[in-house]
Amino acid sequence: MDNEERGSVIADETVPVLPLQSTVIYPQGVATVQIGIEENIALLKSNAEPDTRIALAFSDAGVAGEVRRETLSRVAVMSRVLDRLKLPGNSYQITFQGLRRVEILEIVQERPYYRARVGEVAETVRDPFKVNVYVQKAINLFERLVGSSNNYPKELIHILKMNVDNPGRFADLLCSSINFEYAEKQRVLQAVGIEPRLQRVIELLRSELDRVKVAQEVEKRAKGDIEESRREYFLRQQLKTIQKELGDDDLSRKDADDYAEKLEALGLPDEVVREAEREIERLRHIQPSSSEYQVIKTYLDRFFALPWGVETDEDIDLRRVRTALDDGHFGLEKVKERILEFLA
């Protein structure tokens with residue numbers, strides 16, 4: 001923790017320490033967590049009295065259950081248990097209320113669970129004017145966020161404004177009300193100094209506004225694509241209805257069927273048949289009054305006008321061809337030879 005963010009220790013005491021890896025609880029906040037690790041269950045059973053204070057420390061251990069003393073946060077939250085519920089599989093559901101920030105001064109026990117000497121820290125305000133500016137900036141950003149997203153009720157604005165005289169509580173309340181990532185919430189909790197805490201909250205608010213803006217743009221584009229697809233679908237359905245009323249649908253189907261019968265009767269190679277079938281299907285789905293319909297129909301008419309499968313028995317007189325080439329063209333012997341080879 002940075003020196004400028006550390007407060008002075010008011011008093012110290014020794015309390016059990018419960019590491020948390022996915023939930024951040026702020027002073028005056030309430031949260032419910034599930035406890036299933038053996039060491040944490042031992043802590044709960046050994047400290048079942050209603051008034052027992054438990055320090056909630058926050059661990060950045062990569063794997064659940066592998067919490068080591070060096071992974072525990074320096075700043076924890078003193079808390080009390082509001083409710084505990086036994087769950088199947090030897091686990092518990094515990095509701096905690098955060099009370100105040102404390103600093104872990106010394107780990108005095110590691111087994112069967114952590115105990116530590118902790119000291120309450122005083123929240124410091126170095127520049128009251130700057131703090132007031134930060135608070136107003138945070139309110140303005142949050143009002144913009146509420147106006148941009150339906151995830152945050154407008155009533156939160158009123159609740160926040162009721163806490164502006166307590167800027168530390170204001171920052172904690174604001175951060176607990178927004179779905180920031182666990183690591184970001186923990187960074188705010190670790191800030192004992194009011195100015196750096198508010199600065200971090202403002203940074204997070206700006207990031208959340210940017211995220212909401214991008215999400216809305218993506219949603220708007222997706223909605224526009226869906227509406228355009230739906231519009232095209234309805235227009236095509238209306239067009240089909242109009243074509244049916246005008247008889248155009250029957251005409252295009254009849255022309256396509258006629259061409260299909262002609263194609264089948266010719267017995268052409270597969271690659272030729274595939275190309276012709278593609279154009280016939282295009283014709284079947286196009287309005288006869290369109291210019292494209294006439295283009296495809298002209299193409300098919302010419303296609304079927306070709307002498308498919310017709311061969312000639314006429315013999316070519318190569319001597320007459322040679323004479324004609326010599327009479328009409330001087331020289332060019334190699335060209336003439338190639339022509340005669342081709343005709344032969």
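For a quick check: sort T14, T323 by the number of other beta carbons within 10 angstrom, fewest at the front.
Working: T14 14, T323 11.
With the fewest neighbours first, T14, T323 line up as T323, T14.
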Given a Förster radius of 22 Å and the C-beta distance between R231 and S148 as r, what FRET efficiency does 1/(1 + (r/R0)^6) yield to the nearest 0.05? 0.20
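Could the peptides 16-26, 120-130 be put in order, highest first, of the mean number of other beta-carbon atoms found within 10 Å of their residues?
Details: 16-26: 20.5, 120-130: 13.0.
Averaged packing, sorted descending, gives the order 16-26, 120-130.
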What FRET efficiency do you get for T71 and K137 if R0 is 41 Å and r is their Cβ-Cβ distance, rounded to the nearest 0.05? 0.75
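Could you rank the peptides 35-42, 74-81, 273-280 by their average count of other C-beta atoms within 10 Å per residue, with the highest value first? Show your work: numbers first, answer last.
Values: 35-42: 16.2, 74-81: 20.5, 273-280: 14.8.
The densest-packed peptide leads the list: 74-81, 35-42, 273-280.
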E219/I157 FRET efficiency (R0 22 Å; Cβ-Cβ; nearest 0.05): 0.35
Ordered by fewest other Cβ atoms within 10 Å, a rough proxy for footprinting exposure, L189, L209 read L209, L189
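Which length gain, in nm to one decimal place, applies between N166 and D257 when the Cα-Cα distance is subtracted from 0.36 nm times their residue separation? Walk me through the numbers on the way to the answer.
Working: separation 91, 0.36 × 91 = 32.76 nm, distance 8.27 nm.
So the chain would gain 24.5 nm between N166 and D257.
Past 26 Å, Cα to Cα, is the threshold; run K161/K223; K185/K213; K185/K220 against it and keep the listed order.
Checking Cα-Cα distances, K161/K223; K185/K220 exceed 26 Å.
Throughout, read-outs are computed from the coordinates displayed, never taken from laboratory work. No experiment lies behind these values; they were computed from the predicted model shown. Counting neighbours? That spans all protein chains shown, and the Cβs are built from the backbone with ideal geometry, glycine included.
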